[in-house]
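Written below as structure tokens is the structure these notes are about.
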Amino acid sequence: MERGEKGLINRIKWIYKLTKHGLFWHGVRNNFAKLGIDIMPYFYFIATKERAKPQTIKGEKLDVDFLTFNEDDINFIKSSIIGIEQKDFSAALKAGDICIGLKNKDEIVAYTFIKSNPFYFRKRYFHLGKEDIFLHSLYVFDKYRGRNISSFMKYKRFDMFEKQGVKYHHTIVEYFNKGALKVQYKANSKKTALYLNIILFKKWTMNFTLKKYKNNV
């Protein structure tokens, strides 16, 4: 097989993989963003323990602990994952965020960041009260993917924050991120709105509300 043909086949396989996992248009959006045309539709979800369905880890049993990560853990995360060098985790911590996640003995399985204060997302303001938290930057390490880790961690977090009086868990999910949407549906999270954000050449930002969903959260 010629090198050009092999390259074409690999390209087709790559596109098929993206399409299969619902990430094709997600990748197209990211490529346009690199050109300065950043168009991002996204859903806003709210989850509660009353609506959530219990989740378990698939496969062999893991000795996991659900805990708050320290600075050493966060530095390890940043040095271990390709493509997150630009993320300023230190700024998130200074803004009052905390990092929580799962460890299998001493090995990090997954993590996410938590906000408890009102915040801006792409220049749109979101309010959080005393009973609210916002979750972002969820990541599961490759070794543990395909084992329902994201859904398990999302369910376990309710117990972690319930003692603090937190009832409503907020999340933003990109419209084209099929995998992340699946996790929200498994948790029986409720859509509250569909928004559209457009950033042109990192200079102009526009925000639109495409749809509001009527439901009792």
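The values are calculated or read from the model by the stated rules, or taken from the named source; none is laboratory data. None of these values were measured; they are calculated from a predicted model. With ideal geometry, Cβ positions are generated from the backbone for all residues, glycine too; neighbour counts draw on all protein chains shown. Ligands, DNA and RNA are excluded from the accessible area calculation, which covers all protein heavy atoms including side chains. Shrake-Rupley method; radii C 1.70, N 1.55, O 1.52, S 1.80 Å.
Observations
- Any pair with Cβ under 7 angstrom, 6 or more apart, that starts in segment 138-156 at a residue that is within 10 Å of residue 57 (Cβ to Cβ) and touching a residue at least 12 places away in the same chain (Cβ under 8 Å) and ends at one that is part of a loop (DSSP other than H, G, I, E, B) and open to solvent by less than 20 Å² (accessible area, probe 1.4 Å): 151/187
- Selection status of residue 163, out of contact with any helix residue (DSSP H, G or I) (no Cβ under 9 Å at 6 or more places or on another chain), among the basic types (Lys, Arg) and open to solvent by 40 Å² or more (accessible area, probe 1.4 Å): yes
- Odd one out for residue 184, checked against (1) open to solvent by 60 Å² or more (accessible area, probe 1.4 Å); (2) under 17 Å from the mean Cα position of the chain (by Cα): (1)
- Residue 156 satisfies every condition listed in (1) within 24 Å of residue 81 (Cβ to Cβ); (2) touching a Phe, Trp or Tyr at 6+ places or on another chain (Cβ under 6 Å); (3) surrounded by 19 or more Cβ atoms within 10 Å (Cβ to Cβ) except (3).
- Of all residues in segment 184-217, those satisfying the criterion of being among the hydroxyl-bearing types (Ser, Thr, Tyr) and without any contact (Cβ under 8 Å) to a residue 60 or more places away in the chain are 185, 209, 213.
- Residue 175 vs. criteria within 14 Å of the chain's Cα centre (by Cα) and open to solvent by 40 Å² or more (accessible area, probe 1.4 Å): yes
- Conditions (1) assigned to a helix (DSSP H, G or I); (2) within 18 Å of residue 39 (Cβ to Cβ); (3) not β-branched (Val, Ile, Thr): number failed by residue 193: (1)
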